[in-house]
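Since every read-out is calculated from the coordinates, none of them should be taken as a lab result. Note that the structure is predicted; figures quoted are calculated from it, not measured. Here the Cβ positions follow ideal geometry from the backbone for every residue, glycine too, while neighbour counts run over all protein chains shown.
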Amino acid sequence: MTEERYPINIWVNEERYEKLKAAGLADLCEEMLAGMKVIRVYADEAQKNEILRRFPTAKFDSATTKSIELLPREVKDRIFHKVVEKKSVEILGEFLEED
Amino acid sequence: MAEIGHGGKEIRERILAPEEAAAKVRGLPRIPVRSQIANEIIDIAYGWFCPLEGFMGQEDVEAVCSRMRLKDGTVWSIPILFDLSQEEVAEHGIKVGDSLCLTYHDQPMAILEVEEIFTYDKGAMCQAIYGTTEEKHPGCARTYGYKDVFLAGPVTLVNRPVINPPFEPYFIPPLEMRKRFREKGWQRIVAHQTRNVPHTGHEWLMKGAWLQTYAELPIEKPLVGVLVNAIIGEKRKGDYIDEAIILTQDELKKAGYFGDHNHMTSLTFWDMRYAGPKEAVFHAILRTNLGLTHHMFGRDHAGVGTYYGPYDAHRLLATVQDELSITPVYSMNWLYCPHCGEITSEGLCNHRDEWQKFSGTVIRSIVQDGVKPPRLIFRPEVFELVLECAEKYGFGSPFVTDEYLAKRTPVFTIPPLQA
Ligand SMILES: [Zn+2]
């Protein structure tokens, strides 16, 4: 059985979409809610708990989307930069180590 | 013309003329009250709580707890209480027959004529009203937070609250509200209870309710309105700030998604009890007094956690429907269906595997990140206004923070009494 993983939704506006395209990462975008673009960075159980502990405003939306929401904007900005830098969404372990 | 409120009783404002007020409060013991009580004083004095004329006595509380009625049989679902500690009662030597000057932020606000002093088992009250005694239920927590002695008796406002910007146009008490409805020529008005900034799921809840309410009425002239009635009371961290809620709700009309002919926004001061079904009945009473004919109820109205089933409120309302002069309008959820390419009702569309449901948390996350969502999900005017409110009123955040709680301008203040 694979371990359950929980997404952090990084919302993608035009400006971010351009950056992703330039980095050849436009394919990472998924569409959610009427075409709203999003990149999903996944956390495992331990990472999820660590994030909720470290950022008390964050919430796990257990009811609808099983995603981690309401992280501070600047934290999301840094996660986004990490994705672009590493050209991957598998960056959370590294992000948490460095943060 | 007599304005008849809940329970068939005439709505009369209990407000002293300014020239009488100063003399009436002179020499009375001054008792400071907290915001919840100040809110309820306003609700009593202006008629939101009709037929109540003051804080409840023991027999009323007992009847509310055991039968969901006042002692005279009128349907009533939530106790309205004025609490003091034993020490305060002793310190001021308060006894039945006394009048007290209730102050808010040091200014005289109202007179309470003490008709009764009593105690009540808070656990029993919680069980009766909330169906639980758990402290983590916010209504129970509020009940346990009451001091030990309750004072009952009529309340009269001595000093009208000054509603601070940007809220002043939205404070429309029952008598004034009924006048406005007549001016608009609305025959039916449906209440939308909210504590949210509206996404299109909310917008469609209102549109759907408007259609349901319109029903068989003729369409030559606009005869039906939606009243957004925002509950303004104690805030919790992470809630939308009050300014954003009220202004964005009104923006739906101003930006043309509704119009003056069918939409209006107002506020009611009330600290949510999250009593689910009991609170649904209570909201029906508040809006009856405001002059509404219909009231929207979605799933799990005013519920919290998993305490109440999604339709418990609807069932409880049905038991007292004959005694309420407001008709419930039940709303199904609205969602985005990519196949239909539109916002649709879960009662209509059958592309169930493709549905994209609104999640309040996800929408808040989009707002928090400041990334503009598609207009089908969130109206651009509403989105811009939320960001503007965050800067103007929220110290940079559209959600309640510690800083907002500490520094915000209060929704109302009580001015010094005229000499
Ligand atoms: Zn569909």
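Rounded to the nearest 20, the Cβ-based charge dipole of chain B about its Cα centre (Lys and Arg +1, Asp and Glu -1) stands at 700 debye. Taking the Kirkwood radius as the inverse of the mean 1/r across Cα pairs, report the Rg/Rh of chain B. Result for chain B is an Rg/Rh of 0.97.
Across B:GLU388, B:GLU251, B:GLU403, mean-square fluctuation computed from a Gaussian network of chain B (C-alpha pairs under 10 Å connected) peaks at B:GLU403.
Summed over all non-identical Cα pairs, the Kirkwood treatment of segment B:190-256 gives a radius of 13.2 Å. Against the main long axis of the alpha-carbon atoms of chain A, helix A:73-86 sits at an angle near 60°. Positive end of the dipole of chain B (Cβ unit charges, origin at the Cα centre): among B:LEU227, B:GLN86, B:ALA280, the Cα lying farthest that way belongs to B:LEU227. Calculated mean residue ellipticity at 222 nm for chain B: -10000 deg cm²/dmol, from DSSP H runs with n ≥ 4 weighted as -39500 (n - 2.57), summed, divided by the residue count and rounded to 500. Go ahead and set up a Gaussian network model of chain B, Cα springs under 10 Å, then flag whichever of B:LYS221, B:LYS95, B:LYS392 fluctuates most. Greatest mean-square fluctuation among the candidates belongs to B:LYS221. Using the structure shown, select from B:LYS9/B:LYS207; A:LYS87/B:LYS372; A:LYS66/B:LYS122 the pairs with a Cα to Cα distance greater than 28 angstrom. From the list (B:LYS9/B:LYS207; A:LYS87/B:LYS372; A:LYS66/B:LYS122), the Cα-Cα distance tops 28 Å for B:LYS9/B:LYS207; A:LYS66/B:LYS122. The mean sequence distance of close C-alpha pairs (under 8 Å, at least 6 residues apart), as a share of the length of chain A, puts its relative contact order at 31 percent. The three principal axes of the C-alpha atoms in the protein assembly as shown carry coordinate ranges of 79, 59, 47 Å, sorted with the longest axis first. Arranged from fewest to most other beta-carbon atoms within 10 Å of their beta carbon, A:HIS81, B:HIS137 become A:HIS81, B:HIS137.
Of B:ALA215, B:GLY291, B:PRO410, which is farthest on the positive side of the dipole of the protein assembly as shown, counting Cα position, with +1 on Lys and Arg Cβ, -1 on Asp and Glu Cβ, and the Cα centre as origin? Value computed over the given set: B:ALA215. The order of B:CYS340, B:CYS101, going from fewest to most other C-beta atoms within 10 Å of their C-beta, is B:CYS340, B:CYS101.
Compared with the rule-of-thumb size 2.2 N^0.38 Å for a compact globular protein, segment B:325-382 has a Cα radius of gyration ratio of 1.35. The fewest-to-most ranking of B:ARG67, A:ARG16 by surrounding Cβ atoms within 10 Å reads B:ARG67, A:ARG16. Structure remark: mean-square fluctuation, Gaussian network model of chain B, C-alpha springs under 10 Å; the largest value among B:PRO218, B:PRO398, B:PRO328 belongs to B:PRO218.
Placing +1 on each Lys and Arg Cβ and -1 on each Asp and Glu Cβ, with no other charges, gives segment B:256-381 a dipole about its Cα centre of roughly 180 debye. Full extension of the chain segment joining B:THR133 with B:ASN164 gains 7.4 nm, where the gain is 0.36 nm per residue of separation less the Cα-Cα distance.
DSSP beta bridges fully contained in the protein assembly as shown are about 60 percent antiparallel. Here chain B carries DSSP beta bridges of which approximately 55% are antiparallel, counting only pairs with both residues inside. As a ratio to 2.2 N^0.38 Å, the alpha-carbon radius of gyration for segment B:6-160 is 1.03.
Projecting the Cα positions of B:THR268, B:LEU70, B:TYR257 onto the charge dipole of chain B (unit charges on Cβ atoms of Lys, Arg, Asp and Glu, taken about the Cα centre) puts B:TYR257 furthest along the positive direction.
Along its first, second and third principal axes, ordered by size, segment B:298-419 spans 61, 46, 26 Å in Cα coordinates.
Explain nothing, just the number: relative contact order of chain B, from Cα pairs under 8 Å at least 6 residues apart, as a whole percent. Averaging sequence separation for qualifying contacts and normalising by length gives 19 percent for chain B.
Kindly state, to the nearest 0.05, the FRET efficiency for A:TYR17 paired with B:GLU220, given R0 = 35 Å and r defined as their beta-carbon distance. Once rounded, the FRET efficiency stands at 0.10. Angle check, please: helix B:58-67 long axis (alpha carbons) against the longest principal axis of chain B (alpha carbons), in degrees 0 to 90, nearest 10. The helix B:58-67 is inclined about 30 degrees to chain B. Only beta bridges with both residues in segment B:168-413 are counted; by DSSP, about 25 percent of them are antiparallel.
Compute the acute angle (0 to 90°) between the alpha-carbon long axis of helix B:380-392 and the principal axis of greatest extent of the alpha-carbon atoms of chain B; round to the nearest 10°. Helix B:380-392 sits at roughly 40 degrees to that axis.
Within segment B:168-413, the proportion of C-alpha pairs whose separation exceeds 26 Å stands at 40%. Dipole magnitude for the protein assembly as shown: about 740 debye, using +1 per Lys or Arg Cβ and -1 per Asp or Glu Cβ, origin at the Cα centre. Report the percentage of all Cα-Cα pairs in chain A whose separation exceeds 17 Å, rounded to a whole percent. In whole percent, the share of Cα-Cα pairs in chain A beyond 17 Å is 49.
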